[in-house]
1. Can you pull out the residues in the range 198-214 that are farther than 15 Å from Tyr29 by Cβ and among the charged types (D, E, K, R)?
2. Looking at Gln152, Gln130, which is the one that is among the polar types (S, T, N, Q) and farther than 18 Å from Thr23 by Cα?
3. Please state which of the following conditions Val71 fails to meet, knowing it meets all the rest: (1) under 25 Å from Glu165 (Cα atoms); (2) in a helix (DSSP H, G or I); (3) at pLDDT 90 or above; (4) under 15 Å from the mean Cα position of the chain (by Cα).
4. Here are some residues: Leu136, Leu195, Leu183, Leu156. Which one is under 22 Å from Tyr29 (Cβ atoms) and in a helix (DSSP H, G or I)?
5. Exactly one condition in (1) outside any loop (DSSP other than H, G, I, E, B); (2) farther than 30 Å from Arg201 by Cβ is not met by Val178; state its number.
6. Could you say whether any residue in the range 75-85 is surrounded by 15 or more Cβ atoms within 10 Å (Cβ to Cβ), under 29 Å from Val211 (Cβ atoms), touching a Leu at 6+ places or on another chain (Cβ under 7 Å) and at pLDDT below 95?
7. Of all residues in the range 43-57, how many are free of Cβ contacts under 8 Å to residues at least 40 places away in the same chain and surrounded by 16 or more Cβ atoms within 10 Å (Cβ to Cβ)?
8. Confirm whether Thr84 is more than 30 Å from Gly204 (Cα to Cα) and among the β-branched types (Val, Ile, Thr).
Amino acid sequence: MPLSKYRYIVVEGPIGAGKTSLTKRLAKYCDAQTLLEKPQDNPFLARFYEDAARYALPTQLFFLFQRLDEVRELTQMDMFRSRTIADYLFDKDDLFARLNLSDDEYTLYQSIYRNLAPQAPAPDLVIYLQATVDTLVERVRRRGHRYERPIQDEYLARLADSYREFFHHYSVAPVLVVNSENLNFADNEADFKLLLDRIGRMRGQREYFNVGSD
């Protein structure tokens with residue numbers, strides 16, 4: 001099995017990249033437990049998309065405390081007996097904080113994070129999904145989550161840029177950078193098998209999967 005050597009896999013990417021769908025598909029394939037973000041549980045998120053300056057800090061802090069609880073659960077699991085696939089990377093909290101908070105808010109956030117954050121286990125593999133901004137916008141609009149309706153195209157563009165910058169410097173775990181533009185891992189069995197094959201052939205710390213060029 002291409003995933004047999006990986007106990008903790010993270011699927012990442014900007015909003016609309018397909019993180020959660022691929023996470024669930026991978027978990028079903030290898031009978032793994034999932035660790036999923038719950039944006040629908042954040043009472044500030046819809047208001048953040050309407051008024052980012054006012055609601056960025058409470059939105060970010062809610063996600064921080066939510067993820068801290070999940071980190072504690074993850075560190076208590078026997079990682080060698082159970083396989084876990086997550087649709088977010090704990091380290092990415094700083095990505096959103098830098099993108100959305102003012103300087104003073106970011107300083108406060110960092111102080112809270114340093115005092116509360118436990119040491120999260122490093123993933124064995126990160127699958128970083130990329131897509132064009134137009135594709136991200138189309139996917140977000142198509143799925144129709146109520147709390148995502150106010151999201152502006154410009155915010156998705158800034159977010160995609162922030163993800164590229166974050167993963168350009170990320171070196172904690174091996175990363176497979178996947179161009180998901182023309183791939184449907186959730187519903188297309190051939191696409192999913194192509195991804196599994198590419199994962200099985202990984203040897204380096206950073207590799208790329210582009211259909212037609214690999």
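1. Pass one, the range 198-214, residues farther than 15 Å from Tyr29 by Cβ: 201-214.
Listed by number, the residues that qualify are Arg201, Arg203, Arg206, Glu207, Asp214.
2. On the way: Gln130 fails: farther than 18 Å from Thr23 by Cα.
Every option except Gln152 fails the conditions.
3. The one condition Val71 does not meet is (3).
4. Numbers: Leu136 fails: under 22 Å from Tyr29 (Cβ atoms); Leu183 fails: in a helix (DSSP H, G or I); Leu156 fails: under 22 Å from Tyr29 (Cβ atoms).
Of the residues listed, the single one that is under 22 Å from Tyr29 (Cβ atoms) and in a helix (DSSP H, G or I) is Leu195.
5. Here Val178 meets the rest and fails (2).
6. Restricting attention to the range 75-85, the residues satisfying the condition of being surrounded by 15 or more Cβ atoms within 10 Å (Cβ to Cβ) are 77, 83-85.
Now narrow it down to the ones that are under 29 Å from Val211 (Cβ atoms): 83-85.
Next, from what is left, pick out any that are touching a Leu at 6+ places or on another chain (Cβ under 7 Å): 84-85.
Add one more test, that the residue is at pLDDT below 95, and what stays is 84-85.
Within the range 75-85, one or more residues are surrounded by 15 or more Cβ atoms within 10 Å (Cβ to Cβ), under 29 Å from Val211 (Cβ atoms), touching a Leu at 6+ places or on another chain (Cβ under 7 Å) and at pLDDT below 95.
7. Restricting attention to the range 43-57, the residues satisfying the condition of being free of Cβ contacts under 8 Å to residues at least 40 places away in the same chain are 43-44, 47, 51, 54-55.
If we keep only those that are surrounded by 16 or more Cβ atoms within 10 Å (Cβ to Cβ) as well, we get 44, 47, 55.
Counting residues in the range 43-57 that are free of Cβ contacts under 8 Å to residues at least 40 places away in the same chain and surrounded by 16 or more Cβ atoms within 10 Å (Cβ to Cβ) gives 3.
8. Working: more than 30 Å from Gly204 (Cα to Cα): no; among the β-branched types (Val, Ile, Thr): yes.
No; evaluated as a whole, the condition is false for this residue.
The values are calculated or read from the model by the stated rules, or taken from the named source; none is laboratory data. Note that this is a predicted model, so its numbers are computed, not measured. Methodologically, a virtual Cβ is constructed for each residue, glycine included, from the backbone with ideal geometry; neighbour enumeration extends over all protein chains shown.
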